[in-house]
Every structure is written in C-alpha cells, then in structure tokens.
Amino acid sequence: MKKRILAAALSVAVLALPASQSGAAEYRIDPAHSVVQFKISHLGYSWMIGVFDRISGSFAYDPAAAPAGQKVSVEIETASIDTGHAERDKHLRSSDFLDVKKFPTASFVSTGYEGDANGGTMHGNLTLMGITKPISIAVKKVGEGDDPWGGYRAGFEGAVTINRRDFNAGRNLGPASESMDLFLSLEGIRR
C-alpha cells in the first residue's frame with residue numbers, strides 16, 4: 001500500500017526545483033497547451049464560464065523521486081480573463097472584481113501531495129487579490145511521452161472549488177455566486 005501511495009504521489013506532483021536537488025526532471029509549462037478555466041453561477045440563474053489565456057510556470061516530475069520533490073508552480077495573468085464577452089471582461093478586470101492593475105497575477109505553489117497512482121490531492125497556496133490561502137486540488141496524471149518535435153512532455157489536470165470571499169474577489173452577487181469552480185490542465189515540456 002505504501003509503495004502504491006509513493007508511486008502515485010510521484011506521478012502527480014510537480015515545480016521548479018533544480019534537478020540536482022530533487023532528482024526530478026524539470027518541465028516548463030507550455031502555455032499554448034495549458035489552460036485555467038473557471039465556472040461561477042451568475043446570480044443563481046445561469047453559469048458564467050471563462051478562461052485565463054496567459055499562464056506560465058514549471059514543475060518537477062519523476063515517478064521514482066520522493067513526494068517532497070514533486071511540485072508545481074503556476075502563475076496566471078489576471079488581465080487575460082476571457083469569458084467571450086468584451087464588456088463583461090472589462091468589468092471583471094476593474095476594481096469591482098479582479099482589480100488587475102493592483103493585482104496583475106494570481107499564483108499557485110504546491111506544498112505537498114497525497115494519493116495513489118490513479119490520482120490524489122495536491123496541497124498548496126493560492127494567491128489571489130494579494131491574499132494567500134491554502135487549498136487542495138484533486139489531480140490526476142493525463143499522460144506523458146515523446147512529442148513529434150523531439151521533446152518529451154507530461155500532462156496533468158486538477159479541479160478545485162474556492163470561495164471568492166476568502167480572497168475578497170469582487171462584489172457580493174448573492175450566495176449562489178460565492179463559490180467558483182476552477183479546472184487546470186497543464187502540459188509541460190521537459191528541459
């Protein structure tokens with residue numbers, strides 16, 4: 001059982017620790033093949049779904065390394081929010097919601113992992129609107145292997161629900177709009 005847990009922890013975790021320190025291969029997040037999506041209720045009547053178009057970061061991943069060596073670091077440009085409606089996006093970038101001039105980035109940095117080879121929970125700190133809070137993301141490995149250009153890639157996905165009030169993220173839109181679902185799909189290119 002312990003071996004299964006260790007193997008899974010190693011296969012899901014991710015961050016930019018030098019390979020000499022962790023033994024894990026370093027990956028640069030490929031922003032063209034990675035996405036952070038969100039879904040939030042609009043006043044309890046419908047769903048607003050959107051993405052952040054500009055993300056960056058890195059991860060260290062090695063199935064044979066200790067769980068502590070498996071980490072991820074993701075940075076999101078908050079001004080890259082895109083809900084498919086230009087006027088709404090402009091409002092979401094304003095001080096009424098994300099205040100992107102004051103808080104141009106949001107980030108997640110992992111602190112640990114629990115799980116098995118089929119998936120688990122990545123723990124870490126989310127910083128949004130200048131506030132840092134611990135969150136836990138349900139994660140799973142999507143796949144890894146050679147790409148057509150001579151490189152090697154690995155991909156992971158994760159999902160979490162956060163409370164906007166925890167981060168002072170925007171106006172009060174009623175109880176149905178307090179929680180927000182986040183979905184991350186990250187693909188990295190081994191360095």
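The values are calculated or read from the model by the stated rules, or taken from the named source; none is laboratory data. Predicted model only: the values in this text are computed from it and were never measured. Note: ideal-geometry Cβ built from the backbone for every residue, glycine included; neighbour counts use all protein chains shown. For accessibility, only protein heavy atoms count, side chains too; no ligands or nucleic acids. Shrake-Rupley method; radii C 1.70, N 1.55, O 1.52, S 1.80 Å.
Of note:
- Pair list, Cβ under 8 Å, 6 or more apart: the stretch 31-60 residue under 21 Å from Ala169 (Cβ atoms), other residue basic (Lys, Arg) and open to solvent by less than 60 Å² (accessible area, probe 1.4 Å): Ile40/Arg164
- Taking the stretch 117-191 and the strands (runs of 3 or more DSSP E) fully enclosed by it, the elements with 1 or more residues that are at negative phi, in contact with a helix residue (DSSP H, G or I) (Cβ under 6 Å, 6 or more places away or on another chain) and open to solvent by 30 Å² or more (accessible area, probe 1.4 Å) are at 131-146, 179-190.
- Evaluated against (1) open to solvent by less than 60 Å² (accessible area, probe 1.4 Å); (2) not in a strand (DSSP E or B), Phe108 falls short on exactly one condition, (2).
- Condition check for Phe103: surrounded by 13 or more Cβ atoms within 10 Å (Cβ to Cβ) and assigned to a loop (DSSP other than H, G, I, E, B): yes
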